[in-house]
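Reviewing the structure listed below.
The values are calculated or read from the model by the stated rules, or taken from the named source; none is laboratory data. Everything quoted here is computed from the prediction, not taken from an experiment. FYI the Cβ positions are ideal-geometry reconstructions off the backbone, even for glycines, and counts take in every protein chain you see.
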Amino acid sequence: MSEHADNVLHLGLNASEVATSPYARFFNPVMEPLPEHVREALATGPLAHELLPPVEHAAALQDPGYWPVETGYTLAPDGSARVFVNSPMPGVTPAMWEWWFVWHGSNGQRYKLWHPQAHVDVRWQDGRDDLDYYIGRVSNVVEYVGPVRMNVAIRFVPPSALGFDEQRLKSNAEVAICARVGLAGAPIETGWLVHHIRPVPGGSELRTRIWLGGSNVRPRGMPGAIGAWLGRTASRLQPITAIQVQQLMVHDAHEMGHLAAILPQLYETFKT
């Protein structure tokens, strides 16, 4: 991302980009209000941590039905935060969702379509824009979560890394986007992310699960007891606050609802 220095990165599209970008007609800076179920979760506040399972239960997203909490958050005793959001996606198929993760990752203007009030830039860490896969790659994104601009590294892993049955996902026409997340340029990973999308009448529903801090923190490439101890120590030095968790929930709900409104047309226009 060196060719995109901080002083030239910006929210939105400038006049030149609006005039020349093939994506400008899909850029809508007006965000819809938060859905009622998200507003209710924010008003309710943090829940008992037993209601929001840890990352070790991620593969249970494949089971029929719903979890005790589909949209809500908690601050667990180990210092971790768990943020769950269920986002209806009318007219969207899981195949469109998986395509999106390859397509948007190589171009900052595409990334801005997703959340025009928070997304700034995105680049693949390997520098390749001509590849048609995301698993095994790292996406470096620049975005705001609340008022804080962050440089985030998202390392995509196969669903099987979190216990998903990949053949069953395929048979059920479901997609699970799974990733390790951390700060770009730092030798530590701070959490896990899963976007599980399954077909429902009229489209799909997206079940996002985010686990941050606490026992989810590890130095990169350091499994085992020593890595766990170092991760817990690092987590205690910078604990996650309830305000940060709420801001993350708002961010996720806004971007998913906004993308759902444009993704079918984006897919039809650019899939080839």
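Values computed for the structure shown
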item	result
Matching entry among E143, E166 (being surrounded by 15 or more Cβ atoms within 10 Å (Cβ to Cβ) and either within 13 Å of the chain's Cα centre (by Cα) or not hydroxyl-bearing (S, T, Y) (or both))	E143
Qualifying positions in the range 258-272 - closer than 18 Å to H119 by Cα and in contact with a helix residue (DSSP H, G or I) (Cβ under 9 Å, 6 or more places away or on another chain)	H258, L259, I262, L263, L266
Checking A153 against (1) in contact with a strand residue (DSSP E or B) (Cβ under 6 Å, 6 or more places away or on another chain); (2) touching a residue at least 40 places away in the same chain (Cβ under 8 Å); (3) among the small types (G, A, S); (4) more than 28 Å from T44 (Cβ to Cβ), the condition it does not meet	(2)
In the range 30-56, residue nearest to I262 (Cα to Cα) [restricted to those that are without any contact (Cβ under 8 Å) to a residue 60 or more places away in the chain and surrounded by 15 or more Cβ atoms within 10 Å (Cβ to Cβ)]	H37
Subset tally (residues that are modelled with pLDDT of 75 or more and buried (at least 17 other Cβ atoms within 10 Å of the Cβ)) for the range 220-243	1
The range 146-163, subset farther than 12 Å from H251 by Cβ and assigned to a loop (DSSP other than H, G, I, E, B), residue farthest from the chain's Cα centre (by Cα)	G163
Residue selected from the range 57-71 under the condition in contact (Cβ under 8 Å) with a residue 12 or more places away in the chain and assigned to a helix (DSSP H, G or I), by the criterion farthest from R168 (Cα to Cα)	A58
From the options R180, R198, residue that is among the basic types (K, R), under 16 Å from V85 (Cα atoms), modelled with pLDDT of 95 or more and under 19 Å from the mean Cα position of the chain (by Cα)	R198
Identity of the residue in the range 85-138, surrounded by 21 or more Cβ atoms within 10 Å (Cβ to Cβ) and without any contact (Cβ under 8 Å) to a residue 24 or more places away in the chain, that ends up nearest to P35 (Cα to Cα)	H104
Residue ID - modelled with the highest pLDDT, chosen from residues in the range 201-219 that are more than 18 Å from V145 (Cβ to Cβ) and among the polar types (S, T, N, Q)	S204
